[in-house]
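Input: a single structure, listed below in structure tokens.
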Number of protein chains: 2
Amino acid sequence: MRQLFILRIMMRSAEFNREQVLRAAIKAFMVKGYTKTSMQDLKQATGLHPGSIYCAFENKQGLLLAAIEQYNKDKADEFKQYFDNQSSVLTGLKHYLEDTVTACTQGGTEKVCLSQKALNELAQQEPLVEQYISNNMLDWQQGFVDMFAKAQQLGELNNARSPLQRAQSLVMGIYGLRSYAHTHPESETMCYLANQLFEDVCR
Amino acid sequence: MRQLFILRIMMRSAEFNREQVLRAAIKAFMVKGYTKTSMQDLKQATGLHPGSIYCAFENKQGLLLAAIEQYNKDKADEFKQYFDNQSSVLTGLKHYLEDTVTACTQGGTEKVCLSQKALNELAQQEPLVEQYISNNMLDWQQGFVDMFAKAQQLGELNNARSPLQRAQSLVMGIYGLRSYAHTHPESETMCYLANQLFEDVCR
DNA sequence: ATAGTTCTTGAATGATCATTCAAAAATAGT
DNA sequence: ACTATTTTTGAATGATCATTCAAGAACTAT
């Protein structure tokens with residue numbers, strides 16, 4: 001009787017590790033794409049039963065959005081390591097491009113970019129996802145804008161093109177690199193293309 | 001009785017127009033992608049009943065392959081118009097890039113490239129499709145190789161880079177352009193990127 | 001017109017899909 | 001230990017999927 005008036009919060013905390021689950025989902029979506037990844041695939045990949053997934057992420061699309069959020073967070077942390085505490089900004093960019101080539105040349109899960117793959121699949125189909133990814137990609141591009149601005153301040157670049165223009169060309173180039181990798185070129189060709197992109201963007 | 005020995009070929013010709021059907025399938029696949037395009041969608045788009053589709057193309061994947069074949073044929077014809085009977089090869093390339101930008105900037109069916117979209121969706125999943133598209137893309141690239149070789153012969157380009165290297169950079173750049181368009185940049189930005197690509201590839 | 005053959009039709013099939021939900025297990029406060 | 005609450009479980013649901021196939025329509029040659 002007394003307990004009817006005393007409402008305390010008694011929560012049982014969820015048992016799964018959110019980041020771990022999301023990274024498993026990221027892998028699954030990267031390999032099969034959004035549509036072809038079934039809830040059964042996701043159950044197997046994440047170890048979560050359907051009910052838990054729906055409880056935590058609303059539905060399959062919610063899980064995708066959460067996965068993309070985690071993916072961008074991870075990539076942003078990675079990004080910082082290339083350009084923070086680096087005397088030469090352009091050296092950081094060079095390494096960034098080299099590692100990108102390595103990633104999409106070696107046959108692994110990380111061959112593709114989740115954002116690019118999902119955007120390509122769901123643009124014109126799922127406006128919510130489309131908008132979300134587009135915004136994230138603008139954030140990513142802004143990182144390059146800041147990097148190029150810093151490079152100009154340090155005298156590593158001339159003022160022939162604005163940081164924004166260089167960043168746009170670079171982002172476009174990286175999209176192209178990743179797409180080109182799908183046609184199975186030799187690693188040598190990929191290195192050449194990445195190097196050429198670097199030179200064009202820094203000219 | 002006599003007719004048992006006289007075997008003549010009596011064929012009823014199929015009623016549908018193959019090219020028309022394939023172009024309808026191309027549109028459908030470009031909008032929804034391969035997986036999300038159901039046989040019901042294809043029935044509606046092509047006007048063919050399931051049985052006829054299976055009779056003509058074996059299955060859904062067969063229809064995709066036939067559609068990609070038609071798409072590449074159409075694109076190859078289109079390609080020729082830019083570079084045949086043209087005094088300046090590079091002017092042809094400029095127009096080609098301008099029209100590509102127009103296509104993916106304007107909101108229409110032709111916003112995407114069927115080959116690029118299908119390759120992005122089915123790479124790592126459908127080796128047969130993957131191989132088929134990769135080969136077609138090499139043919140497309142070879143067209144650019146020949147174009148750059150001709151431009152060098154005409155003195156429109158220096159020998160700083162080989163025709164193959166230029167063609168690879170160009171193909172990569174076009175992949176990038178089309179991907180970049182998915183993030184909804186202003187038409188102005190797309191024009192700038194295409195122009196920059198042109199300059200980089202012809203430098 | 002008739003017979004032989006091919007093409008078209010579209011309902012039926014069985015598989016797989018995303019999603020739901022009631023019951024069971026687990027947690028926290030008393 | 002007991003009650004209140006939440007999470008986990010996984011079978012059930014209804015929709016949709018690619019594919020099949022038997023029956024009907026259409027064509028060709030006689």
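Answer yes if at least one residue in segment A:95-103 is in contact with a helix residue (DSSP H, G or I) (Cβ under 9 Å, 6 or more places away or on another chain) and under 29 Å from residue B:107 (Cα atoms), and no otherwise. The answer is no; no qualifying residue exists. So residue B:147 ticks every box in (1) surrounded by fewer than 19 Cβ atoms within 10 Å (Cβ to Cβ); (2) more than 24 Å from residue B:111 (Cβ to Cβ); (3) touching a residue at least 60 places away in the same chain (Cβ under 8 Å) but one. Which box is left unticked? Every listed condition holds for residue B:147 apart from (1).
I'm trying to understand the selection: among the residues of segment A:166-203, which are among the hydroxyl-bearing types (Ser, Thr, Tyr) and surrounded by 20 or more Cβ atoms within 10 Å (Cβ to Cβ)? Correct list: A:169, A:175, A:179, A:180, A:183. Taking (1) open to solvent by 90 Å² or more (accessible area, probe 1.4 Å); (2) within 8 Å of DNA strand D (Cβ to nearest atom); (3) at pLDDT below 95 in turn, residue B:5 satisfies each apart from (2). Name the residue that is farthest from DNA strand D (Cβ to nearest atom), counting only residues in segment A:25-44 that are part of a helix (DSSP H, G or I) and more than 18 Å from residue A:111 (Cα to Cα). Filtering first and then ranking leaves A:41. Every listed requirement among (1) more than 16 Å from DNA strand D (Cβ to nearest atom); (2) surrounded by 17 or more Cβ atoms within 10 Å (Cβ to Cβ); (3) on the phi > 0 side of the Ramachandran plot is met by residue B:83 save one, (3). When B:76, B:67, B:25 are checked against the criterion of being open to solvent by 20 Å² or more (accessible area, probe 1.4 Å) and away from DNA strand C (no atom under 14 Å from the Cβ), a single residue qualifies: B:76.
With respect to residue A:100, is the statement that it is in a helix (DSSP H, G or I) and either within 15 Å of DNA strand D (Cβ to nearest atom) or surrounded by 15 or more Cβ atoms within 10 Å (Cβ to Cβ) (or both) true? Here the answer is yes, as residue A:100 does meet what is asked.
The values are calculated or read from the model by the stated rules, or taken from the named source; none is laboratory data. Just so it is clear, the structure is predicted and the values come from calculations on it, not from any experiment. Cβ: placed from backbone, ideal geometry, glycine included. Neighbour counts: every protein chain shown. Quick note on the areas: whole protein, heavy atoms, side chains included, nothing else; ligands and nucleic acids left out. Shrake-Rupley method; radii C 1.70, N 1.55, O 1.52, S 1.80 Å.
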